[in-house]
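Everything on this sheet refers to the single structure shown next.
The values are calculated or read from the model by the stated rules, or taken from the named source; none is laboratory data. Just so you know, these numbers come straight off a predicted model, no measurement behind them. Quick reminder, even Gly has a Cβ in these numbers, built from the backbone with ideal geometry, and neighbours come from all protein chains shown.
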Amino acid sequence: MAALTMAANISSSDTAYTESGAAWVVIDSANDVLIFTAGSDTVADGEPIPSQSDYNRAGVLITGSQVIVDTYILADASANMLREIQLMGNTTGRYVLAFDFDGSTATEPVLELWDDSNLNTVTSTTLGAGTTSSSWWKGITTTSGAPTIGWTGSTLAGATSGHYLNLNNGSGALAVATTLYCNLKIVIPISATTGVNSTPVFAVKFASN
């Protein structure tokens, strides 16, 4: 059965997970959290994990125009530290999030976003408030190559067609141990008028041989 290790590139070097030159941190799926933020003195790379009120004060401002969030941070629970994922967002970053499989799979791994660990609803505001096409979360598979600046990608919300990422770029199950990659960004629409506190869950699904 293939085992999965997920990791985030916390350097500015767009370098693969298994190569030297970048700094990758393994993601603890039970405890680590991905933050999108405008940043502050306390919500910044290298700072200790702050309070919820600190996160709130560093929230992205809704302006009445479309906002593409440019700062993404991993709250690394084991180190009690914030680590900026510098290449994530509306960038040409290819090696941003890594999904490292130590063996073959029976199906293509897919990345989905849900309201919570029950993995059955997408009603939270950032996931489209029940309308998957209105989700703020966008993703693009970068296993085969880097995206272009301003990439569109897929809208992520649940498991309906077109609202999840085929991490092997639609090429099917993995025949051997493989590392897959993607990039993510948040696009806040013009229609957003009030602040929200949303904590969606990421799920990577695949069947093993």
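Listed values, structure above:
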| item | result |
| --- | --- |
| Residues of the range 53-79 satisfying the condition of being of a type outside the set (A, V, I, L, M) and closer than 18 Å to SER11 by Cα | ASP70, THR71, TYR72, ASP76 |
| Answer from VAL26, VAL43, VAL67, VAL60 - the residue that is within 26 Å of VAL204 (Cα to Cα) and either in contact with a Phe, Trp or Tyr (Cβ under 9 Å, 6 or more places away or on another chain) or not polar (S, T, N, Q) (or both) | VAL26 |
| Residues being assigned to a loop (DSSP other than H, G, I, E, B), more than 16 Å from TYR181 (Cβ to Cβ), touching a residue at least 24 places away in the same chain (Cβ under 8 Å) and aliphatic (A, V, I, L, M) - total across the range 1-55 | 7 |
| Qualifying residue in the range 176-186 (condition: modelled with pLDDT of 95 or more and more than 22 Å from PHE101 (Cα to Cα)) | yes |
| Matching residues, the range 78-115, being without any contact (Cβ under 8 Å) to a residue 60 or more places away in the chain and under 26 Å from THR125 (Cα atoms) | LEU82 |
| Of residues in the range 186-209 being under 17 Å from GLU112 (Cβ atoms) and not hydrophobic (A, V, I, L, M, F, W, C), the one surrounded by the most Cβ atoms within 10 Å (Cβ to Cβ) | PRO200 |
| Failed condition for ILE149, given (1) at pLDDT below 95; (2) more than 21 Å from TYR72 (Cα to Cα) | (2) |
| Inter-residue pairs, beta-carbon under 7 Å, first at pLDDT below 75 and in the range 188-203, second of a type in the set (Gly, Ala, Ser) and surrounded by 13 or more Cβ atoms within 10 Å (Cβ to Cβ), 6+ apart | GLY195/GLY59 |
| Unique match (being under 22 Å from THR121 (Cβ atoms) and not charged (D, E, K, R)) among SER208, SER191, SER171 | SER191 |
| Test set (1) within 16 Å of the chain's Cα centre (by Cα); (2) part of a loop (DSSP other than H, G, I, E, B); (3) not aromatic (Phe, Trp, Tyr) - VAL204 fails condition number | (2) |
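Every residue, every condition in (1) modelled with pLDDT of 95 or more; (2) within 16 Å of TYR95 (Cα to Cα), yes or no:
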| position | (1), (2) |
| --- | --- |
| GLU19 | no, yes |
| VAL26 | yes, yes |
| THR42 | yes, no |
| PRO48 | yes, no |
| GLY59 | no, no |
| THR63 | no, no |
| GLN66 | no, no |
| THR71 | yes, no |
| ALA79 | yes, no |
